[in-house]
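Participant: Right, I'll just put the structure down here and ask away after.
The values are calculated or read from the model by the stated rules, or taken from the named source; none is laboratory data. Worth saying up front: this structure is predicted, and the values here are computed from it rather than measured. So basically every Cβ, Gly included, is an ideal-geometry build from the backbone, and we count neighbours across all protein chains shown.
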Amino acid sequence: MEDHERQDIWDLVDNIPNEELWRVHHSLKIKLIDYIRFRARSRWYDDRVRPTNVVAGGALLEPYALTIGFARRFAAYKRADLIFLDKERLKKILTNRWRPVQIVFAGKAHPADDEGKSILQKVFNFAHDPEMGGRVAFIEDYGELLAQYLVHGVDLWLNNPISPMEACGTSGMKASLNGVPQLSILDGWWIEGFNGKNGWGFQGAEGTDRNAKDAKAIYDILEKKVVPLFYNEGGQGFSNSWVELMKGAIKSTGATFSSRRMVKEYVNSFYRNALPYA
């Protein structure tokens, strides 16, 4: 911890055997899905909710499917519903028999944000849609514990705000530090964080059809890059290329995107110089 901001310390991640890093990640992924299933089962048992709510709560999630995480405040500019813009194309991605994909949503809207609450309701409805095959889950009562499970349990972190409105994106930093690659518009922290070896980035479109263009970019990246790389197992039960991407995510985040580095930089660059005038 004393050397937290030293890049050479984080570069030692390369020495971790790929199979060991994947084993740890997969065990955390199983914990995430077990936790989600436990919550769904509890709602069924304690609250007597409808069966469709149990499915929407993640009861059909699988630990071996590529799992995308989207967890943050449901503000309109963050566009949580963007990936549903072309339902038929998304359905083909999610329900592929041999290379399935599942998405876990979590978050809350501000009580006074009617547009944010409307987007949340749309995502919730998609989680209930049988055509999604149970591969879209919306986890209610988002809090710190669920956030912890998500940032180290999903395989890919999705972020698609309207550029340039993303101030930072700390959830993405936390996921990346846990070896979770990003798929994000080049906005917020990802402008500085993306290096081509820790995930995928694309420039947000402009104009009245920006949503359609950005959604298409996400589908293209998922179909042509993310899914093939994740399922490139080569008979060993995991993708070495994907684990190398996980290592890239950890190395690019640990030293640079930390509060310790930030505070030391403020002290050395500004506060120390101000002391003689105090």
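Participant: Got a sec? Which of 196, 201, 153, 172 is at positive phi, out of contact with any Pro (no Cβ under 8 Å at 6 or more places or on another chain) and of a type outside the set (A, V, I, L, M)?
Facilitator: Every option except 196 fails the conditions.
Participant: Within region 1-23, take every residue that is more than 22 Å from residue 257 (Cβ to Cβ) and not polar (S, T, N, Q) and give me the one that is farthest from the chain's Cα centre (by Cα).
Facilitator: Here the answer is 17.
Participant: Something else: Can you pull out every residue in region 73-94 that is farther than 13 Å from residue 129 by Cβ, modelled with pLDDT of 95 or more and not hydrophobic (A, V, I, L, M, F, W, C)?
Facilitator: 77, 78, 79, 86, 89, 92
Participant: Given the criteria in a strand (DSSP E or B) and within 20 Å of the chain's Cα centre (by Cα), does residue 102 qualify?
Facilitator: Here the answer is yes, as residue 102 does meet what is asked.
Participant: Name the residues in region 236-259 that are modelled with pLDDT under 90 and within 13 Å of residue 173 (Cβ to Cβ), would you?
Facilitator: Within region 236-259, 258, 259 meet the criteria.
Participant: Within the set of pairs 6+ apart or on separate chains, which have a first residue in region 9-20 that is in contact (Cβ under 8 Å) with a residue 60 or more places away in the chain, a second that is surrounded by 14 or more Cβ atoms within 10 Å (Cβ to Cβ) and among the acidic types (Asp, Glu), and C-beta atoms under 8 Å apart?
Facilitator: Here the result reads 18/244, each pair linking region 9-20 to a residue that is surrounded by 14 or more Cβ atoms within 10 Å (Cβ to Cβ) and among the acidic types (Asp, Glu).
Participant: Search region 128-142 for residues that are at positive phi and pair each with any residue that is polar (S, T, N, Q) when their beta-carbon atoms are under 8 Å apart and the residues are at least 6 apart or on different chains.
Facilitator: The qualifying pairs are 133/95.
Participant: Same structure, new question: Here are some residues: 236, 182. Which one is touching a residue at least 60 places away in the same chain (Cβ under 8 Å), in contact with a helix residue (DSSP H, G or I) (Cβ under 8 Å, 6 or more places away or on another chain) and exposed (fewer than 15 other Cβ atoms within 10 Å of the Cβ)?
Facilitator: 236
Participant: Do we find a residue being at pLDDT 95 or above, at negative phi, of a type in the set (S, T, N, Q) and touching an Asp or Glu at 6+ places or on another chain (Cβ under 6 Å) anywhere in region 100-109?
Facilitator: Within region 100-109 (the criterion being at pLDDT 95 or above, at negative phi, of a type in the set (S, T, N, Q) and touching an Asp or Glu at 6+ places or on another chain (Cβ under 6 Å)), the answer is no, since none of the residues qualifies.
Participant: A further question on this structure: List the helices (runs of 4 or more DSSP H) that sit entirely inside region 1-86 and contain at least 3 residues that are among the hydrophobic types (A, V, I, L, M, F, W, C) and over 15 Å from residue 137 (Cα atoms).
Facilitator: Answer list for region 1-86: 18-42.
Participant: Is region 141-161 home to any residue that is more than 20 Å from residue 32 (Cα to Cα) and either among the acidic types (Asp, Glu) or out of contact with any Asp or Glu (no Cβ under 8 Å at 6 or more places or on another chain) (or both)?
Facilitator: no
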